[in-house]
Amino acid sequence: MKIVHCCLSCFYIDNYNYQENALPRQNKLDGHDVSIIASTETFINNTNLGYVQPSQYVNEDGIPVRRIPYRKIPMYFIRRKVRSYKGVYQILERENPDVILFHGVPAWELRNIVKYKVAHPGTKLYVDSHEDLNNSARDFLSRNILHKVFYRYIIRSVYSYIDKIFYLSYETKDFLTTIYGIPEKKLEFYPLGGTILEDQEYLAKRDRIRRELDLSNEDILLVHSGKLDNLKKTEDILRALIQVPSQRLQLVIVGSIPEDMKPVLQPLIEVDKRVNYVGWKTADELMEYLCAADVYVQPGSQSATMQNAICCGCAMILYPHKSHEPYLQGNGYYVKSIEDMRQVFQEIDDDPSVLKNMSDNSMKIAKELLDYKKLAARLYE
């Protein structure tokens, strides 16, 4: 089967473990012929969004990637919002896919993808929506003009030709129905997934990192990761942890610190010897830290790392976003404040045995909802 992933609304980043990386990888592991068509927008130095030159290359998973620029519309700001590209239809003609997965809804280019689908009705066309009010339509013009008028027109003009529209979270479903006016019967839940390792590989990674960190079996490793801006609430984690002085609690922070947060976070990291900031890591390296972790801490903005943490059997500490509801079922805690986190850290330290049951529940959720093997198989139906 030939599968083409179109990352022309959502940007594509090499060497990450986002859905746009993991699904093509799993498709290839399943024996299919896979390629990626992507914009030139990506992370530069793993921190800020920027643009690279158009190119063709083979990525770290052996999958061909073709990066193409926006169509030359006056004013670059408008190009970024319209998201139209030259030559996509012709690329699809050459690729001759059995399945197209278009990542993200808001892009003019979706109309050209649908033109290809109409001309090739045997091709399955799936669209997954990543949009919600946390990451899109956050001001008046964006919500009421860009999304409720322009993008709404695009998706409503073509959705009847799309085989399935996947929503990645409950908040995404709300966005699709209320902002874009898509009927619920057209939608299907398709969560961001994760990688479930074989026991031997998981234990090897866990043991290696815990030895590297000089941790005993009694130590409780907390892991927090991401682009550590104010929305991540990294500062709140550090202020909560310092109020629970147990040496058994150890914290590893993985990610990049924006310049404006360095004066805030660096003193808090340096003052607590239980905190180990290891900087930015590749997706594979981050996975090793998740294997070593007992608890994953994400009290702020949402992150795709959460799903992989669940797949590694971590107990979870999360902010109560609506989208987190399927993922916190007897396997962790909701927190809204520094005091909430302090209480959770204290509870875990007082009775670490609660973590075993939470870990088991995380693995149950992972196997039922998040296994990329199962998610990828839904594209082959």
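The values are calculated or read from the model by the stated rules, or taken from the named source; none is laboratory data. In this text the structure is predicted, and so the values were computed from the model without any measurement. Quick reminder, even Gly has a Cβ in these numbers, built from the backbone with ideal geometry, and neighbours come from all protein chains shown.
Which of the residues spanning the stretch 310-330 are small (Gly, Ala, Ser) and out of contact with any strand residue (DSSP E or B) (no Cβ under 6 Å at 6 or more places or on another chain)?
Gly313, Ser323, Gly330
Inspect all residues belonging to the stretch 309-320 and state whether any of them is in contact with a Pro (Cβ under 8 Å, 6 or more places away or on another chain), outside the structural domain of Glu131 (by TED's automatic domain parsing), among the aromatic types (Phe, Trp, Tyr) and at negative phi.
yes
Can you tell me which of (1) surrounded by fewer than 23 Cβ atoms within 10 Å (Cβ to Cβ); (2) within 28 Å of His32 (Cα to Cα) is the one Asn308 doesn't meet?
The single condition Asn308 does not satisfy is (1).
Would a scan of the stretch 19-38 turn up a residue that is under 18 Å from the mean Cα position of the chain (by Cα) and among the β-branched types (Val, Ile, Thr)?
Checked against the condition, which is being under 18 Å from the mean Cα position of the chain (by Cα) and among the β-branched types (Val, Ile, Thr), the stretch 19-38 yields at least one hit.
Return the total of residues in the stretch 130-169 being among the acidic types (Asp, Glu) and either over 23 Å from the mean Cα position of the chain (by Cα) or more than 17 Å from Pro183 (Cα to Cα) (or both).
The qualifying residues number 2.
Please indicate, with yes or no, whether at least one residue in the stretch 217-229 is over 30 Å from Glu259 (Cβ atoms), without any contact (Cβ under 8 Å) to a residue 60 or more places away in the chain, of a type in the set (Asp, Glu) and surrounded by fewer than 20 Cβ atoms within 10 Å (Cβ to Cβ).
yes
Scan the stretch 105-125 and report the pairs whose first residue is touching a residue at least 12 places away in the same chain (Cβ under 8 Å) and whose second residue is in a helix (DSSP H, G or I) and among the basic types (Lys, Arg), with Cβ atoms within less than 9 Å and a gap of 6+ or a chain change.
Pairs found: Pro106/Lys81; Thr123/Lys117; Lys124/Lys117; Leu125/Lys117.
Within the stretch 288-312, restricting attention to residues that are of a type in the set (Ser, Thr, Tyr) and within 13 Å of the chain's Cα centre (by Cα), which residue is farthest from Asn357 (Cα to Cα)?
For the stretch 288-312, the residue satisfying everything is Ser301.
Do you know which residues across the stretch 267-283 are out of contact with any helix residue (DSSP H, G or I) (no Cβ under 8 Å at 6 or more places or on another chain) and either basic (Lys, Arg) or free of Cβ contacts under 8 Å to residues at least 24 places away in the same chain (or both)?
Pro267, Glu270, Lys273
Residues in the stretch 45-52: is at least one within 24 Å of Ala309 (Cα to Cα) and in contact with an Asp or Glu (Cβ under 8 Å, 6 or more places away or on another chain)?
Within the stretch 45-52, not a single residue is within 24 Å of Ala309 (Cα to Cα) and in contact with an Asp or Glu (Cβ under 8 Å, 6 or more places away or on another chain).
Among the listed residues Asp229, Asp163, Asp199, identify the single one that is more than 21 Å from Asp360 (Cα to Cα) and out of contact with any strand residue (DSSP E or B) (no Cβ under 6 Å at 6 or more places or on another chain).
Sole residue among the options that is more than 21 Å from Asp360 (Cα to Cα) and out of contact with any strand residue (DSSP E or B) (no Cβ under 6 Å at 6 or more places or on another chain): Asp229.
Go through the stretch 322-381 and report how many residues are over 30 Å from Val127 (Cβ atoms), basic (Lys, Arg) and either under 21 Å from the mean Cα position of the chain (by Cα) or assigned by TED's automatic domain parsing to the domain that holds Leu125 (or both).
Total meeting the criteria: 0.
Restricting the stretch 170-195 to residues that are surrounded by 21 or more Cβ atoms within 10 Å (Cβ to Cβ), farther than 22 Å from Lys117 by Cα and not polar (S, T, N, Q), which is farthest from the chain's Cα centre (by Cα)?
For the stretch 170-195, the residue satisfying everything is Ile179.
Here are some conditions: (1) over 29 Å from Ala293 (Cβ atoms); (2) crowded, with 19+ Cβ neighbours inside 10 Å; (3) without any contact (Cβ under 8 Å) to a residue 40 or more places away in the chain. Gly255 meets all but one. Which one does it not meet?
(1)
Do you know which residues across the stretch 60-80 are out of contact with any helix residue (DSSP H, G or I) (no Cβ under 8 Å at 6 or more places or on another chain), of a type outside the set (A, V, I, L, M) and part of a loop (DSSP other than H, G, I, E, B)?
Within the stretch 60-80, Glu60, Pro69, Pro74 qualify.
Which condition number in (1) assigned by TED's automatic domain parsing to the domain that holds Ile310; (2) charged (D, E, K, R); (3) surrounded by 20 or more Cβ atoms within 10 Å (Cβ to Cβ) is the one that Arg208 fails?
Tallying (1) assigned by TED's automatic domain parsing to the domain that holds Ile310; (2) charged (D, E, K, R); (3) surrounded by 20 or more Cβ atoms within 10 Å (Cβ to Cβ), Arg208 fails exactly one: (3).
Please give the helices (runs of 4 or more DSSP H) falling wholly within the stretch 230-339 in which 1 or more residues are under 27 Å from Tyr202 (Cα atoms) and not charged (D, E, K, R).
Once the helices (runs of 4 or more DSSP H) in the stretch 230-339 are filtered for at least 1 residues that are under 27 Å from Tyr202 (Cα atoms) and not charged (D, E, K, R), what remains is 234-241, 283-292, 305-311.
How about the stretch 261-284: which of its residues are of a type in the set (D, E, K, R) and at pLDDT below 95?
Listed by number, the residues that qualify are Lys281, Asp284.
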